[in-house]
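This report concerns only the one structure given below.
The values are calculated or read from the model by the stated rules, or taken from the named source; none is laboratory data. Just so we're clear, the structure is a prediction, and the values are computed from it rather than from any experiment. A quick note on method: Cβ atoms are made from the backbone with ideal geometry, for glycine too, and the neighbour counts reach across all protein chains shown.
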């Protein structure tokens, strides 16, 4: 098996995001109730990308890169298998807080440290720009939230109002950058 290669993703490569297989079987979802995470069993299947959804995500990534954001990819045998992206705009007006805009790792490549490597690259770049924290709006699945918590992310007592309004079902976390 070839090792993974990590490199910055350029704007003209944004459409390659479609190669990442984001499908998963979700066995539990977190909900934030009165500032406490509660885990609720479920059985949901997230399918591979659908046309309009992928188009919107690619457009979002292109816009993020045009505004100075950065994206990093994990490649295996010439195929993009993971993407992590940084939105460099200040969250809530705080210049030291930037947002981890997206993180996806193909199903067949999960649990191999790829997500951690991508977050580290995003965090390194954010730190170089003066950030001390990354804002994470995590899909509420057990796998996603537990991943970020293992990295040290903490539940936000008061999520950013604008980001919360966009994704009220997500779990809003903060990852302090060392």
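Annotations for the structure displayed:
- Flag for residue 98 being over 12 Å from the mean Cα position of the chain (by Cα), crowded, with 18+ Cβ neighbours inside 10 Å and not in a loop (DSSP other than H, G, I, E, B): yes
- Applying the condition of being in contact with a strand residue (DSSP E or B) (Cβ under 7 Å, 6 or more places away or on another chain) and loosely packed, with under 13 Cβ neighbours inside 10 Å to the stretch 26-45 and asking which residue is nearest to residue 80 (Cα to Cα) yields 45.
- Looking across the stretch 128-167, the residues that are over 16 Å from the mean Cα position of the chain (by Cα), without any contact (Cβ under 8 Å) to a residue 24 or more places away in the chain and in a loop (DSSP other than H, G, I, E, B) come down to 156, 158, 159.
- Hits in the stretch 6-27 - residues which are over 19 Å from the mean Cα position of the chain (by Cα) and modelled with pLDDT of 95 or more: 27
- Being in contact with a helix residue (DSSP H, G or I) (Cβ under 6 Å, 6 or more places away or on another chain), outside any loop (DSSP other than H, G, I, E, B), in contact (Cβ under 8 Å) with a residue 40 or more places away in the chain and crowded, with 20+ Cβ neighbours inside 10 Å is true of residue 81.
- Boolean, residue 23 is surrounded by fewer than 19 Cβ atoms within 10 Å (Cβ to Cβ), farther than 24 Å from residue 158 by Cβ and in contact with a strand residue (DSSP E or B) (Cβ under 8 Å, 6 or more places away or on another chain): yes
- Single residue of 56, 108, 28, 15 found to be more than 22 Å from residue 134 (Cα to Cα), in a helix (DSSP H, G or I) and in contact (Cβ under 8 Å) with a residue 60 or more places away in the chain: 108
- Pick from the stretch 111-127, criterion under 25 Å from residue 169 (Cα atoms) and without any contact (Cβ under 8 Å) to a residue 60 or more places away in the chain, ranking: surrounded by the fewest Cβ atoms within 10 Å (Cβ to Cβ): 111
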